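J.: This is the structure I want to talk about, given as structure tokens.
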Amino acid sequence: MGELIRSEFKKLCRRKLTVIVTVVCFLLTVLFFLLPFVQYVTWDVNGDRLSGSNAVSYRQERYAEISGTLTEDRIENDIKEYQQIYSDPENLITERGGETSFTDEIYYGWLAQRTSYLNMIGNTYDHNEMGYLNIPSISEDDAARFYEIRNENVKAYVESSNFSDAEKEYWLSKNSRITEPYEYGYPMGWSTFGDTFQMLVICILGICIAVAPVFAGEYQSGTDAVILSTRYGKSKLINAKIISAVLFGSAVFMINAAAALLLPLLTFGFQGGDLPLQIMDSFCPYALTFSQASFILIGIAYLVMLALLFVTLLCSAKMRSPFGVLVVDVVLIFLPIFLQPSSNYLWQRIYYLLPSSAIEGLSLFRLYLSYDVGFTVLDLFGAVSVIYLLAILLFASFAYRSFKKHQVK
């Protein structure tokens, strides 16, 4: 059996299509996950433009100035500082449209390095995505109750949502496990990986293209008659083809995932992996750090890849042309990109189970998406894991049986 697997693996890897697709996908992974660094710019306190490593170093220095434990006293003082600056007319200018904004001196010298931090605070008090623009309206009493306000707003959101009683209890319990106070710091390497993560879909598509001829290629070349008439043609050889495809897909995926993770960390820095996701969005219901969330995303993407790989093998066993298999893969992978997750309760829960939606990245951890299956409640990641594991088992079995029962013409 081992010899058959090695033979099929070599056969798969030696195809020109496999070599070309594998190399192109890896280069595209490097390109997409290096682009955030290449395109990254910031402005120093004088308003001068910085790019590349200079911009990253400057941003790390600015984060170091505001890093630390976010006690309620500190948050209260930071809110008051913002309100004092905002209340001074000399620090403000009126734009042509009548909007009020800070002068360049205040913006570049004080606000720019605190934008993410102040946005997180502002959106905690009023979750409307206006960020620090909410801070001027925060009352003095509320400024001293950051975590209490956060928990009250989360509870109000959960209670007003279209959840079952079990789901409401699930989300409130999940939120209660979040450690307070938060630790703030510099997580840009990890957050950049999470924000770009969906581009691994190119790698998954490449793997599907490479394995598409595993069975269909035998039909095209006419060797299916020879294979199925041999002693092990309807048993061990089919297993060897499936196992070699899984080994190939796993190897290519892990290499691309490693590159996708390491490139942002090498360019933006490894620090911040132990920081909580709540500093990205305090409404995030998961008690996870950036590094934990990143590895969960990789695990989910691996399951999605395996499920699509077995769908590809099934189509390859059913169709006589690898091109038809490719069409199915493209539709499954890219069609959800053109759809929108509307506010409809049912469609939203279906949408985020689709392949490209299930690997959107860090934004998924902001969502309160759950599935009440009667005896338990699953969050999005639990539901994706269960569904794709079942899909892997089912499609693997179907692919095996389809080629085994193939009638040679």
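J.: Within segment 136-151, take every residue that is without any contact (Cβ under 8 Å) to a residue 40 or more places away in the chain and touching a Phe, Trp or Tyr at 6+ places or on another chain (Cβ under 7 Å) and give me the one that is least open to solvent (accessible area, probe 1.4 Å).
T.: Top of the filtered list is ILE149.
The rows are residues; the columns are (1) open to solvent by 10 Å² or more (accessible area, probe 1.4 Å); (2) under 26 Å from LEU17 (Cα atoms).
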residue	(1), (2)
ASP274	yes, no
PHE283	yes, no
ARG349	yes, no
PRO355	yes, yes
PHE365	no, no
VAL377	yes, no
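J.: Shifting gears a bit: Which residue pairs have Cβ atoms closer than 6 Å, lie 6 or more positions apart in sequence or on different chains, and pair a first residue in segment 168-182 that is more than 17 Å from LEU378 (Cβ to Cβ) with a second residue that is surrounded by fewer than 19 Cβ atoms within 10 Å (Cβ to Cβ)?
T.: Pairs that qualify, where the first residue is more than 17 Å from LEU378 (Cβ to Cβ) and the partner is surrounded by fewer than 19 Cβ atoms within 10 Å (Cβ to Cβ), are ILE178/ALA287; GLU180/TYR147; PRO181/THR69; PRO181/THR71.
J.: Now a separate question. Would you say GLU159 is in a loop (DSSP other than H, G, I, E, B) and surrounded by fewer than 16 Cβ atoms within 10 Å (Cβ to Cβ)?
T.: no
J.: Looking at (1) at pLDDT 75 or above; (2) under 21 Å from LYS11 (Cα atoms), find the lone condition where THR230 falls short.
T.: Of the numbered conditions (1) at pLDDT 75 or above; (2) under 21 Å from LYS11 (Cα atoms), the odd one out for THR230 is (1).
J.: Restricting attention to segment 167-175, does a residue exist that is farther than 30 Å from ILE85 by Cα and outside any helix (DSSP H, G or I)?
T.: No, there is no match, as no residue in segment 167-175 is farther than 30 Å from ILE85 by Cα and outside any helix (DSSP H, G or I).
J.: Could you run through segment 357-384 and say how many residues are over 23 Å from PHE283 (Cβ atoms) and either at pLDDT 90 or above or of a type in the set (D, E, K, R) (or both)?
T.: We begin by selecting, within segment 357-384, every residue over 23 Å from PHE283 (Cβ atoms); these are 373-376.
This time we only want the ones that are either at pLDDT 90 or above or of a type in the set (D, E, K, R) (or both), so: 376.
Of the residues in that region, 1 qualify.
J.: Please verify whether VAL154 is within 19 Å of PRO276 (Cβ to Cβ), part of a helix (DSSP H, G or I), in contact with a Leu (Cβ under 9 Å, 6 or more places away or on another chain) and touching a residue at least 40 places away in the same chain (Cβ under 8 Å), treating the condition exactly as stated.
T.: Working: within 19 Å of PRO276 (Cβ to Cβ): yes; part of a helix (DSSP H, G or I): yes; in contact with a Leu (Cβ under 9 Å, 6 or more places away or on another chain): yes; touching a residue at least 40 places away in the same chain (Cβ under 8 Å): yes.
In short, yes.
Yes/no per residue for (1) open to solvent by less than 30 Å² (accessible area, probe 1.4 Å); (2) without any contact (Cβ under 8 Å) to a residue 40 or more places away in the chain; (3) over 20 Å from VAL158 (Cα atoms); (4) of a type in the set (S, T, N, Q):
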| site | (1), (2), (3), (4) |
| --- | --- |
| PHE290 | yes, no, yes, no |
| LEU309 | yes, no, yes, no |
| LEU326 | no, no, yes, no |
| VAL331 | no, yes, yes, no |
| TYR368 | yes, no, no, no |
| ASP372 | no, no, no, no |
| PHE381 | yes, no, no, no |
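J.: Tell me the residue from VAL311, VAL325 that is at pLDDT 90 or above and over 30 Å from TRP171 (Cβ atoms), please. Step through it out loud before you land on a result.
T.: Values: VAL325 fails: at pLDDT 90 or above.
Selected residue: VAL311, the only one of VAL311, VAL325 that is at pLDDT 90 or above and over 30 Å from TRP171 (Cβ atoms).
J.: Go through segment 82-104 and report how many residues are at pLDDT 90 or above, open to solvent by 70 Å² or more (accessible area, probe 1.4 Å) and not polar (S, T, N, Q).
T.: Of the residues in that region, 1 qualify.
J.: Would you mind telling me which numbered condition in (1) closer than 20 Å to ILE138 by Cβ; (2) exposed (fewer than 12 other Cβ atoms within 10 Å of the Cβ) THR69 fails?
T.: So the condition that THR69 fails would be (1).
J.: Step by step: first the residues of segment 44-59, then only those that are surrounded by 16 or more Cβ atoms within 10 Å (Cβ to Cβ) and in contact (Cβ under 8 Å) with a residue 24 or more places away in the chain, then the one that is nearest to ILE202 (Cα to Cα). Which residue is that?
T.: Among those that are surrounded by 16 or more Cβ atoms within 10 Å (Cβ to Cβ) and in contact (Cβ under 8 Å) with a residue 24 or more places away in the chain, it is VAL56.
J.: Go through segment 261-313 residue by residue and tally those that are of a type in the set (Gly, Ala, Ser), under 17 Å from SER363 (Cα atoms) and either out of contact with any helix residue (DSSP H, G or I) (no Cβ under 8 Å at 6 or more places or on another chain) or in a helix (DSSP H, G or I) (or both).
T.: Pass one, segment 261-313, residues of a type in the set (Gly, Ala, Ser): 269, 272-273, 282, 287, 291, 293-294, 299, 301, 307.
Within this subset, residues satisfying the condition of being under 17 Å from SER363 (Cα atoms) are 273, 282, 287, 291, 293-294, 299, 301.
This time we only want the ones that are either out of contact with any helix residue (DSSP H, G or I) (no Cβ under 8 Å at 6 or more places or on another chain) or in a helix (DSSP H, G or I) (or both), so: 291, 293-294, 299, 301.
Qualifying residue count, segment 261-313: 5.
The values are calculated or read from the model by the stated rules, or taken from the named source; none is laboratory data. Keep in mind that what you see is a predicted model, and the values were worked out from it rather than measured. Heads up, the Cβs are rebuilt from the backbone with ideal geometry, glycines too, and the neighbour counts pull from every protein chain shown. Heads up: the accessible areas ignore ligands, DNA and RNA and are worked out on the full protein's heavy atoms, side chains in. Shrake-Rupley method; radii C 1.70, N 1.55, O 1.52, S 1.80 Å.
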